[in-house]
Every structure is written in C-alpha cells, then in structure tokens.
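S.K.: Questions regarding the structure given below will be posed in turn.
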Amino acid sequence: MDRILIVDDDRSIRELLSMHLEERGFGVVSAATGAEGFRLAEENPPAAIVLDMRLPDASGIDLIPELKKRAGEAPVLMITAHHDMATTILAMKAGAFDYIHKPIDIQAFDVALDRALEVRRLSKGADYLSVEPNRPFKMDDIVGTSAAMQQLFKDVGRVAASRATVLIQGESGTGKELIARVIHSYSAAQKPFIAINCSAIVDTLLESELFGHEKGAFTGAVQAKPGKFELAEDGSIFLDEIGELSQNLQAKLLRVLQEREVERVGGVRRIPIKARILAATNRDLHEEVEADRFREDLYQRLKVVTLSLPPLRDRPEDVPLLVEHLLVKINQRLHKNLRRVPREVIEKLQRRPWPGNVRELENVLTRAAVLSQGDMLLEEYLVETQRPVSSPVRPLPPATPEQMPTLDEVEREHVLRVWSLTKGHKGRTCQILGISRPTLERKLKKYGIYAESE
Ligand SMILES: Nc1ncnc2c1ncn2[C@@H]1O[C@H](COP(=O)(O)OP(=O)(O)OP(=O)(O)O)[C@@H](O)[C@H]1O
Ligand SMILES: [Mg+2]
C-alpha cells in the first residue's frame, strides 16, 4: 500500500483528500506546516507528496527540494491557486512533478497522482533507455543497427564515391529523403542540393520547375527562369516521388538523362547539366513498369544503383536507437527534456506495425513530448497517429481505375482508424465496426495490426 503525505494548512482540504485517498486504498499522513511535513517525510518516506503552495511557515516552492530529499525523491504534486501562472512555473522549475489548481477537481487529482506514482515505479526499476543530455544532434545523422541498415550504410558509402544515378525505394516515412541528403553530403557537401517533389505540382508547372522557362514561354512567364536541373549545378538534384511523374514528363526526363542536356520551356538553347540525380519513390517501380504506368527505359536509366529502405516493422531492433536519436532532436526542437524511456515502453513500440515508419515514430514521440511532464516518457502519451496505411499517396482527381484502392486496402485503413481511435480497445472496436470479436481478431491478424499487450 502506497503512502501519501499531504502538507496543507487548510483543514478541509486535508480531510477531503485523506478521505478520498483512503477510499482508493492509500495510506495517508498529513501535516499543517512545512516543519511538520519535513518531519513526517523523513520519519517514513511517502510514495508521493501533495503540497500546498502557501503554508503558514514557508512558501511551498521553497520546501520542494528539501522535502523531496528527505522523502527519498518522492514526486511532489503542488496545489496552487487558480491563474497563478508565475508561481506554477516556479514550482515546476523547483522540481514539482505536477500541479493541481484549486478548487481541486478530484478526477484531475487522481490522474496526476497516478502518473506521479507510475513515474516513481518506473524510475525505481532503473530499466530504461536514457538519452544523453548533451549529445549534439546532426541533421544528417542516420541511425540503425539492424543488418539491413548496416548494409545500407555500406552501400551509401560506395555510391557516395561515384556520381551514379541512385534510385531510393521504400515505404512512406522510411527515410528516403534522409538517405538522399546523406549521399549528397558525402559526395558534394559544398554544392547545392535541390529537391523537388514530382507529385506536389501540376504537370505544366513541374515541367518549367524542372527545366526552367524562357521569357514569354507562357502567360505569366514574364521573366526567364532557370530550372532545378540548372540550379543544382554540379551538386545533386533529388527527384522525390518519381513514380508519380506523368508519361509526358517521363519522356522528357528520359531525354535529359540520355543527353545530359536540358531545354527550357519555350527555349531553343541546350543547356548542359552536371548535377547528380537522386530519385525516390514509395511505389514499386518494377511493378509500375509491368503495369505500363512507368516507362521501362526510364526505369533502366534510374536504377543504375537501387537502395531499398526496409519498413520499420521489419527491423524492431532499430527502435531503441531511433527513439534515442529522435528524442535528442525533439528535445532540441521543443525545448523539452525527455531523457528516460522505460524498457517496457520501448518494447511496446517495437511491437507496433508502424505503417508510417520512422516518420510515424517521430510523430508519436513528438506528441508524447508535448504532453509529457518531467523527463520520463510514459506509455499513456503514446497515442497512435491516425495515419492511413502504407499505400502511397495517390493524387486525387482525376482518379484513374489504377489509382483506386482495393477493398482490402480500404478495409485495413478503416479498421486501423477505429483501432487507434479506441486505443486498441477490442470491445469498443467491435461495437463501432459492428462485427463480432472473432471477426475482429481475424482482421487484426490479417492486416498485421497488433494489440499493445500481445
Ligand atoms: N534511420 C534513420 N535515422 C534517423 N532518422 C531517420 C531515419 N529514417 C528516417 N528518419 C527520420 O524520419 C523522418 C522521415 O524520413 P524521410 O522524410 O526521409 O522519409 P521518406 O521515406 O522520404 O518519407 P515519404 O515517402 O513520406 O516522403 C525524417 O525526419 C527523418 O529524419
Ligand atoms: Mg520523402
């Protein structure tokens, strides 16, 4: 039975909280002054402390460090007056775990207390991954201990030494762009790296973006403009989502690759290009060729060297290192201080299917960082992102028959959506979907959706 120490000079609050906590099965000791609180904390260290901000003999904030020390680092929940933001911030800085506003909402109190006790339990276990506080974060750092990633690093080293065209394949969020940047930084770091997303803009615009245009080439072309190929000079041009390129532009790109020259839209001059070409796609280009959606000859030109990024679910051993790496990045970006991740939380993360791969992991951790207090990443903050499954982003109108998802794809996406909405609650998921439990089990298995506890 955990014991809670209440330090508050307001008798009605002491009584209210004692009664409530005893009902919940906690042992309670209470003190009306700071001095009394110190004595009780030392005499029999509690699991958590509830501390009023204003006490007759001291300010609660000043007591925090000493009180925690005497109580064996028990977490402290402050009770603060409403709207007292400044003192609240001071209290958190002084080491309080959390604060509860007066009048006390007992439900909020319970949530905060349970969280505090959970952190304490996990801290005691000492079995957590810890993030080094001063580790520098480099943008191009790419981590992975799995055999597949180790092999990939070797391949990257090999291709970085050459100027060969590289095709990078992998599901959404597996790190294709990152790999492209790494290849670039190891081969032509001082030169430009020009990225362009082939699916983000309409065809005519994309053409002039890629190849440039001359003055007056079309309405609105008031000035001549160099294309990305020219801007990349002797650096790298990164053609992202190349699988989405229209037939028309596929033909034009092929010519560029064959002749190493571009012609601006509306121009006659042939401009030689020196840029190294890196392309990425989350489609299976081989399949696209088979289905006559991608030119075979262009595919052959692009795939001189092909690097394939494995989906995250196939390399759970990379999860701990990725978590550590991403937390360094997230801490810096959000000015947070998440330093510890309990082993059991890591294990849960390793079991997730990660349809959105590393990007999804990053999103989940970012959200957790925003929600977390203190330096421990708690499981309750790991909300699954409601991201559609791994099928590549297909441009919406006009939808051609090939672009329509199969019934299975739609079903999987919907099951996954409800599943994450209910946070993996099977009963509620069945209710919403209107199916029986065995049917749900079958579908979860079929679509590789795993329960946290399995
Ligand atoms: N091995 C890794 N080590 C460190 N960070 C990684 C790794 N793989 C991916 N990331 C990070 O995950 C995020 C997604 O990576 P990136 O944008 O390169 O993926 P992508 O394959 O291009 O995705 P999409 O197909 O959706 O464009 C980035 O923030 C990237 O830095
Ligand atoms: Mg990308």
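The values are calculated or read from the model by the stated rules, or taken from the named source; none is laboratory data. All values derive from a computational prediction rather than experimental measurement. Every residue, glycine among them, receives a Cβ derived from its backbone with ideal geometry; neighbour counts consider all protein chains shown.
S.K.: Among helices (runs of 4 or more DSSP H) lying entirely in the range 33-117, which contain 1 or more residues that are of a type in the set (Val, Ile, Thr), over 30 Å from the mean Cα position of the chain (by Cα) and assigned by TED's automatic domain parsing to the domain that holds Leu17?
M.R.: 60-70, 85-93
S.K.: Now for a different question. Please go through the range 285-310 and pick out each residue that is surrounded by fewer than 18 Cβ atoms within 10 Å (Cβ to Cβ) and either farther than 23 Å from Ser246 by Cα or within 12 Å of ligand 1 (Cβ to nearest atom) (or both).
M.R.: Ser308
S.K.: I would also like to ask the following. Any idea how many residues of the range 46-100 are crowded, with 16+ Cβ neighbours inside 10 Å, of a type outside the set (A, V, I, L, M, F, W, C) and touching a residue at least 12 places away in the same chain (Cβ under 8 Å)?
M.R.: Residues that pass the stated criteria total 13.
S.K.: Another question about this same structure. Answer yes or no: is there a residue in the range 165-177 that is away from ligand 1 (no atom under 16 Å from the Cβ) and in contact (Cβ under 8 Å) with a residue 40 or more places away in the chain.
M.R.: Checking the range 165-177: at least one residue is away from ligand 1 (no atom under 16 Å from the Cβ) and in contact (Cβ under 8 Å) with a residue 40 or more places away in the chain.
S.K.: Could you check the range 153-193 and list, in sequence order, the residues that are more than 16 Å from ligand 2 (Cβ to nearest atom) and either under 20 Å from Trp354 (Cα atoms) or among the aromatic types (Phe, Trp, Tyr) (or both)? Explain how you work it out, then say what you get.
M.R.: Kept after step one, since they are more than 16 Å from ligand 2 (Cβ to nearest atom), are these residues of the range 153-193: 153-165, 185-192.
Correct list: Phe153, Tyr186.
S.K.: Something else: Those residues that are of a type in the set (A, V, I, L, M), touching a helix residue (DSSP H, G or I) at 6+ places or on another chain (Cβ under 8 Å) and part of a helix (DSSP H, G or I), I need them from the range 166-211; list them, please. I'd like the intermediate steps shown before the answer.
M.R.: Looking only at the range 166-211, we keep the residues that are of a type in the set (A, V, I, L, M), and these are 166-168, 178-180, 182-183, 188-189, 194-196, 200-202, 205-206, 210.
Still in the list and also touching a helix residue (DSSP H, G or I) at 6+ places or on another chain (Cβ under 8 Å): 166-168, 179, 182-183, 194-196, 201, 206, 210.
Ile179, Val182, Ile183, Leu206, Leu210 - these are the residues of the range 166-211 that are of a type in the set (A, V, I, L, M), touching a helix residue (DSSP H, G or I) at 6+ places or on another chain (Cβ under 8 Å) and part of a helix (DSSP H, G or I).
S.K.: Please enumerate the residues belonging to the range 160-181 that are buried (at least 20 other Cβ atoms within 10 Å of the Cβ) and more than 21 Å from the chain's Cα centre (by Cα).
M.R.: Val166, Leu167, Ile168
S.K.: If we keep just the residues of the range 140-164 that are modelled with pLDDT of 85 or more, within 14 Å of ligand 1 (Cβ to nearest atom) and of a type outside the set (A, V, I, L, M, F, W, C), which is nearest to Arg301 (Cα to Cα)?
M.R.: In this case the residue turns out to be Asp155.
S.K.: Looking only at the range 212-229, filter to residues that are farther than 23 Å from Ile168 by Cβ and either outside any loop (DSSP other than H, G, I, E, B) or within 16 Å of ligand 2 (Cβ to nearest atom) (or both); which one of those is farthest from the chain's Cα centre (by Cα)?
M.R.: His213
S.K.: Note down all Cβ pairs under 7 Å where the first residue falls in the range 230-247 and is over 16 Å from Arg181 (Cα atoms), the second is surrounded by fewer than 19 Cβ atoms within 10 Å (Cβ to Cβ) and among the polar types (S, T, N, Q), and they're at least six residues apart or on different chains.
M.R.: Glu244/Ser199
S.K.: Given the conditions (1) away from ligand 1 (no atom under 15 Å from the Cβ); (2) closer than 29 Å to Phe153 by Cβ, which single one is not true for Asn282?
M.R.: Among (1) away from ligand 1 (no atom under 15 Å from the Cβ); (2) closer than 29 Å to Phe153 by Cβ, Asn282 violates only (1).
S.K.: On the given criteria, is Phe26 of a type in the set (Phe, Trp, Tyr) and out of contact with any strand residue (DSSP E or B) (no Cβ under 6 Å at 6 or more places or on another chain)?
M.R.: Spelling it out, it is not the case that Phe26 is of a type in the set (Phe, Trp, Tyr) and out of contact with any strand residue (DSSP E or B) (no Cβ under 6 Å at 6 or more places or on another chain).
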